[in-house]
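Let me begin by presenting the structure, written as C-alpha cells, before commenting on it.
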Amino acid sequence: MTRQTSLETALRRLAPAIPAHEFAVVVDHACGSPALKRATPEEAAWLSLVAYIRHRMTDYDELLADHYDVDSARYFVADDMREILRDWGVRRALAPDGGDGGGA
C-alpha cells in the first residue's frame, strides 16, 4: 500500500463526511509535508486535517495578523473547528485549548 493510499484510508476513517475537495487537499498536504513524513498515516491525517481547518476555515490567521499569540488565536477558533470536525463525522476530540497535540 502506498503512503498516499494509507493516508486516504486513514482520513476516510477519521472524517467520513469530509467533502471531496477538502479530502483531496488534506491528503495532498499530508503527503507533501516533510514534517509529517515520519508520522503514522493516522497521525498525519489528523494533523493535516486540523491544520487545514484552522488555516483555511477559521479566522486563525487573521487573529495572528492582529497580534494575538498562538495560544489565544487557537482558543478563539476552537469552537468553530469543533463544529466543522463534528459535521465531517470526526469523533476524535480537539484538545481543550484548540491545539492538535502536534504543533500544526
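Some observations on this one:
- Whole-number Å³ per residue for the convex hull built on Cα positions in the stretch 39-104: 75 Å³
- Pair residue 64, residue 20: separation of 7 Å Cα→Cβ label points (nm): 3.1 nm
- Fully extending the segment from residue 87 to residue 40 would add 14.5 nm, taking 0.36 nm per residue of separation and subtracting the current Cα-Cα distance.
- With R₀ set to 22 Å, the beta-carbon distance separating residue 13 from residue 97 gives a calculated FRET efficiency near 0.30.
- Computed magnitude of the charge dipole of the stretch 3-87 (debye, nearest 20; Cβ of K, R +1, Cβ of D, E -1): 580 debye
- Remark: relative contact order (the chain) = 31 percent; criterion is Cα-Cα distance under 8 angstrom and separation of 6 or more residues.
- Mean residue ellipticity (222 nm) of the chain, computed from DSSP H runs ≥ 4 via -39,500 (n - 2.57), nearest 500: -20000 deg cm²/dmol
- In terms of packing, defined here as the mean over residues of other Cβ atoms within 10 angstrom, the peptides 80-87, 33-40 line up highest first as 80-87, 33-40.
- Using the average count of surrounding beta-carbon atoms within 10 Å as a protection proxy, the listed peptides 7-13, 88-94 rank, highest first, as 7-13, 88-94.
- Within the stretch 3-87, the ratio Rg/Rh, alpha carbon atoms throughout and Rh by Kirkwood, equals 1.00.
- Part-to-part distance (alpha-carbon centres) for the stretch 37-99 and the stretch 1-28, which is given in Å: 17 Å
- One chain, two ends: residue 2 and residue 72. Fully extended at 0.36 nm per residue, the span grows by 21.4 nm beyond their Cα-Cα distance.
Where a number appears in this text, it was derived from the coordinates with a stated rule and is not lab data. In this text, all values refer to a predicted model and were calculated from it rather than measured experimentally. Please note: Cβ atoms are built from the backbone with ideal geometry, for glycine as well, and neighbour counts cover all protein chains shown.
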